[in-house]
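Written out below as structure tokens is the structure these notes cover.
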Amino acid sequence: MEGRRFFLVTMGCQMNRHDSARMAEALRGAGLEPAESLAGADLCVVNTCCVRDKAENKARAAIGRLAAWKRRRPGRTVVVAGCVAEKLGPGWLNAFSHVDAVLGPDRLDALTRVAAGPAGTPFVSTGFTAGAPADFLAARPDLAAPGPTAFVTVSKGCSQHCTFCIVPAVRGGLRCRPAVDVEAEAAALVAAGARELVLLGQAVNDYDDRAAGFAALLRRVGAVPGLRRLRYTSPHPRFVDADTVRAHADVAPLCEHVHLPVQSGADPVLRRMGRRTTREEILHRVDALRRARPGMTFGTDVIVGFPGETDEQAGETVSLVREVGFTQVFAFTYSPRPGTAAERFPDDVPAPVKAARLQSVQEAAGALADAHRRSLVGTTVEVLIEGPSDRGGGRWQGRTRNNDVVHLDAAGGTTPPGSLVEVVVGEARPHCLIGTRAGTGR
Ligand code: SF4
């Protein structure tokens, strides 16, 4: 495989980005090199997502465009991976004659075999693994240095069966990785330069490997020498238990920000969504976390226009967003996903009503986020530098422990990625803060 180059196209969520990083490491380990662009590649992997309608359509469009790419050079290979690969399986080979291989999210370890085989030999591998320790693709910091922030998979799949969600169907039921393996990978990543770790799972806090529950896992990983920050995504509110709350009080690297998807603020909607939690429980758990770790902020995901949602219930979501004071809200309008339980519910909220409800949530969320950022002006915050600012100008950007994006101003000087610096916030802008390194003056 020496001399062959690969190009990865990643769609969807953080889980997919993490899977793509593992695939890139596996291919490099097998002797392939990353191509700078698709034009220079011999093998293209499209890692697909089907959580949202548009993502699946985008996947189909991206795969379709690869037909011309493949024709331009003999021997090129097209691989469809991820959730839509799992969902359609061999259907991809029927729909697109230029597709060589289809790999479900649990079957990514077969990628190196596909890369080694002759192009044009169809290969399909889908279905879920038993979740044995070897079924988790560990990060390879020996092949690719982690950035300042690295992700560690703690579980696969999900057994919650929220009625709107396709994840259990395309990623299988919950299987937890042994805590000892999670801890070992965490230690290897920190030793290789990561300063911040994010534990990753679909309902990440529904973790139990018999030797350790989620809180115990937080304590084990939080004790890795040299680790400065610890986060996890995405927790389910129903599993925020007293032990997890205590861990937030005791485990110093745990950051003062939790992304806690609530989906709705109305109990009847939460019931129809199969969330098995209530508004009161959510508020109670948020309050407990705030008491355990002062200065805690929260982000969330919200769906508006779920089947049967009334105006009043939509208003309860807005009021929950305000009551918690979420600083980051990802809000979406509901659309039925084939293969979910909610597909059978009448999609009875008209599109203009959904759009208006989305706007209400976004306005409330925008006002809260603006107020939060304004409250930080004049304070000093710890920033983990991630890299050059996407605003250019040779500046740097990073994140606070509360997950706020900060751009350093011109006085920042050279600040290598991975640096933890104290920054005086000078300005709040939409979506970010501008600050000066403490001690550098203006
Ligand atoms: S907990 Fe999350 S991943 Fe699991 S079914 Fe519910 S929404 Fe989907």
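Selection of segment 101-145 for residues being in a helix (DSSP H, G or I), touching a residue at least 12 places away in the same chain (Cβ under 8 Å) and of a type in the set (Gly, Ala, Ser) yields ALA110, ALA115, ALA116.
Do we have LEU189 as more than 22 Å from PRO168 (Cβ to Cβ) and not in a helix (DSSP H, G or I) here? Answer is no for this residue. Would you check if ARG272 is assigned by TED's automatic domain parsing to the domain that holds ASP370 and either surrounded by fewer than 19 Cβ atoms within 10 Å (Cβ to Cβ) or more than 16 Å from the ligand (Cβ to nearest atom) (or both)? Considered against the rule, which asks whether it is assigned by TED's automatic domain parsing to the domain that holds ASP370 and either surrounded by fewer than 19 Cβ atoms within 10 Å (Cβ to Cβ) or more than 16 Å from the ligand (Cβ to nearest atom) (or both), ARG272 comes out as no.
Just to be sure, is ARG246 under 30 Å from VAL349 (Cα atoms), away from the ligand (no atom under 16 Å from the Cβ) and either touching a Cys at 6+ places or on another chain (Cβ under 8 Å) or of a type outside the set (Gly, Ala, Ser) (or both)? Break it down into steps so the answer makes sense when it comes.
Details: under 30 Å from VAL349 (Cα atoms): no; away from the ligand (no atom under 16 Å from the Cβ): yes; either touching a Cys at 6+ places or on another chain (Cβ under 8 Å) or of a type outside the set (Gly, Ala, Ser) (or both): yes.
Spelling it out, it is not the case that ARG246 is under 30 Å from VAL349 (Cα atoms), away from the ligand (no atom under 16 Å from the Cβ) and either touching a Cys at 6+ places or on another chain (Cβ under 8 Å) or of a type outside the set (Gly, Ala, Ser) (or both).
Can you tell me which residue is surrounded by the fewest Cβ atoms within 10 Å (Cβ to Cβ) among those in segment 154-170 that are closer than 20 Å to ALA211 by Cβ and within 9 Å of the ligand (Cβ to nearest atom)?
At the first step, the residues of segment 154-170 found to be closer than 20 Å to ALA211 by Cβ are 154-157, 159.
Okay, now just the ones that are also within 9 Å of the ligand (Cβ to nearest atom), so 157, 159.
Numbers: GLY157: 23, SER159: 13.
Checked segment 154-170; the qualifying residue surrounded by the fewest Cβ atoms within 10 Å (Cβ to Cβ) is SER159.
Among the residues examined, ARG219 does not qualify as within 13 Å of the ligand (Cβ to nearest atom) and over 18 Å from the mean Cα position of the chain (by Cα). Of the residues making up segment 238-272, those that are within 24 Å of the chain's Cα centre (by Cα), assigned to a helix (DSSP H, G or I) and among the hydrophobic types (A, V, I, L, M, F, W, C) are PHE239, VAL245, ALA247, LEU270. If the condition is being surrounded by fewer than 24 Cβ atoms within 10 Å (Cβ to Cβ), within 22 Å of THR163 (Cβ to Cβ) and not basic (Lys, Arg), then segment 39-87 contributes CYS49, VAL51, ASP53, ALA55, GLU56. If you go through segment 89-118 and pick out every residue that is more than 19 Å from ALA24 (Cα to Cα) and either surrounded by fewer than 23 Cβ atoms within 10 Å (Cβ to Cβ) or touching a His at 6+ places or on another chain (Cβ under 9 Å) (or both), you end up with 10. Residues of segment 278-315 that are polar (S, T, N, Q) and in contact with a helix residue (DSSP H, G or I) (Cβ under 8 Å, 6 or more places away or on another chain): THR278, THR297, THR300, GLN313.
The values are calculated or read from the model by the stated rules, or taken from the named source; none is laboratory data. Predicted model, so just to flag it, every value in this text is computed and none were measured. A quick note on method: Cβ atoms are made from the backbone with ideal geometry, for glycine too, and the neighbour counts reach across all protein chains shown.
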